[in-house]
Amino acid sequence: MKKKIGVKVLGTGSCFPKKVITNVDLEKIVDTSDEWISTRTGIKERRMSEKDEPTSELALKASLEALKVAGISPKQIDIIIVATITPDMFFPSTACFLQAKLNILSVPAFDLSASCSGFIYGISVAKAFIESGFYKTILLVGADELTKITDWTDRSTCVLFGDGAGAMILSASESNEDILSVFLGADGSYSDLLFLPAGGTRSPATIDTVNEKLHTIKMRGQEVFRVAVPKMVLAAEKALEFSGKRVEDVKLFIPHQANMRIIEAVAKRIGISMDRVFVNIHKTGNISSATTITALDEAIKTGKLKVGDIVELVAFGGGFTWGATVLRV
Ligand code: ACO
């Protein structure tokens, strides 16, 4: 019988833009306060990319770091997948821009769009590519610049989002299986609760769409909140069940960093104490496709995770989409 090909995680990396926007900075732009933002969301500051710093630039720096940690050269990459909802352009894909920057021309490259669950969707695609024998070594990136699709006059959304990128190198292995399970879900009937109305084929860009700020994120926060908690709980529990692990086996739980109250509610419902939940939302805000991978990378860099530890990533985002993965560091 043909031996099953396993997946090994060779390395991770991340990149944040230099510019920091604090809650106090936002007090000068909209009618808000550090106190409101901190208590309602857990966010204290977020990073903001420069005008001439597109998503592919953050993706490049995160990828170079992941390649260095993995100890391989760009030439060893067989395919590039970038999870993003804020691509450099509609097309070419951000993955193609990244491929050119890495100078690995002719390697296949494509973007994947699943909002904040994008990186976990990406893990599932990468795992399937490796297990099928199609590709051996994959560069998977989660990168977003939400500050560039934010309405800076809307206090209900502009305080929430930030920019950043994270990368992971996954490779075929005969002896390892680091991706123990993945569970994904989606429900398109909720598309009107969290979306970017214009710029696509439904409402192409016009002077009116720009004037009406329809190229920025619209969200009915409370309703999103209500669906996010049960779906993240479902995803976390299903991925654990599929992995054959129990909550006690998970060293660190890394939820999507959208709101501290969502994180606490999900942790409580799945029965994991907050000292085993990784949180960096206070420094990053919500960076959509990049949250879980940048948080994982930080947990590894700061020694919260050691080689062999089991970790669970869980996300929820626009679509709605949700997903979770249990993996070994
Ligand atoms: N500063 C001060 N007051 C504010 C602010 C602000 N920044 N924003 C809203 N308010 C006010 C509202 O106007 C409202 O005032 P009112 O009572 O006089 O009408 C009051 O605060 C309460 O507003 P709510 O919207 O009910 O506040 P809530 O406690 O629900 O918090 C939040 C809002 C933080 C957006 C929350 O609902 C949330 O986090 N939702 C989920 C977001 C999420 O998970 N997104 C998922 C992924 S994002 C993606 O996929 C790209």
Let me test this: with uniform point scatterers at the alpha carbons of region 73-166, what is the Debye-based log₁₀ I(q)/I(0) at q = 0.22 1/Å?
-1.09
Taking the chain and dividing mean pair separation by its residue count, relative contact order in percent (alpha carbons under 8 Å, at least six apart):
26
Find out how many positive minus negative residues lie around Ile254, taking Lys and Arg as positive, Asp and Glu as negative, among other residues whose Cβ is under 14 Å from that of Ile254.
0
So which GluC sites (Glu not before Pro) in region 9-71 end up in coil per DSSP with only 13 or fewer other C-beta atoms within 10 Å?
Glu50
What trypsin sites (Lys or Arg not before Pro) in region 18-56 are in a loop by DSSP, with at most 15 other Cβ atoms within 10 Å of the Cβ?
Lys18, Lys28, Lys51
Ser181 long-range amide H proximity, modeled H, under 5 Å
Val326
Taking only C-alpha pairs under 8 Å that are 6+ residues apart, what is the relative contact order of region 6-176 in percent?
36
Could you pull out every residue, at least 5 positions away or on a different chain, whose amide H is within less than 5 Å of the one on Ala114? Hs are placed 1.01 Å off N in the peptide plane, and Pro or chain starts have none.
Thr84
In Å², what does the accessible area per residue of region 70-182 work out to with a 1.4 Å probe?
36
From the backbone phi of region 125-131, what are the Karplus-calculated ³J(HN,Hα) couplings (6.51 cos²θ - 1.76 cosθ + 1.60, θ = phi - 60°) in whole Hz, Gly and Pro given as x?
5, 4, 4, 5, 4, 5, 5
Tell me, what HN-Hα J-couplings in whole Hz come from the Karplus equation 6.51 cos²θ - 1.76 cosθ + 1.60 at θ = phi - 60° for each residue of region 34-41, using x for Gly and Pro?
4, 4, 4, 5, 5, 6, 7, 10
Tell me, in nm to one decimal, what length is gained between Lys101 and Asp25 on full extension, where the rule is 0.36 nm per residue of separation less the Cα-Cα distance?
24.0 nm
Okay, helix-only estimate at 222 nm for the chain: each DSSP H run of n ≥ 4 adds -39500 (n - 2.57), divide by all residues, round to 500 deg cm²/dmol; what do you get?
-10000 deg cm²/dmol
Taking the Cα atoms of region 180-328 alone, what are Rg (to one decimal) and Dmax (as a whole number) in Å?
16.9, 55
The chain: Kirkwood hydrodynamic radius (Cα pairs, Å) comes out at 19.7
If amide H atoms are modeled at 1.01 Å from N in the peptide plane, then the residues at a separation of 5 or more from Asp309, or on another chain, having amide H under 5 Å from its own are Val329
Would you mind computing Rg(Cα) / (2.2 N^0.38 Å) for region 6-176, counting N as its residues?
1.13
Rounded to whole Hz and in sequence order, give me ³J(HN,Hα) for region 206-211 from the Karplus expression 6.51 cos²θ - 1.76 cosθ + 1.60, θ = phi - 60°, writing x for Gly and Pro.
9, 4, 5, 5, 5, 4
With label points set 7 Å from each Cα along the Cα-to-Cβ direction at Ile5 and Ser273, the distance between them in nm comes to 4.2
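The values are calculated or read from the model by the stated rules, or taken from the named source; none is laboratory data. Predicted model only: the values in this text are computed from it and were never measured. Quick reminder, even Gly has a Cβ in these numbers, built from the backbone with ideal geometry, and neighbours come from all protein chains shown. What goes into the accessible areas is simple: the full protein's heavy atoms, side chains included, and nothing from ligands, DNA or RNA. Shrake-Rupley method; radii C 1.70, N 1.55, O 1.52, S 1.80 Å.
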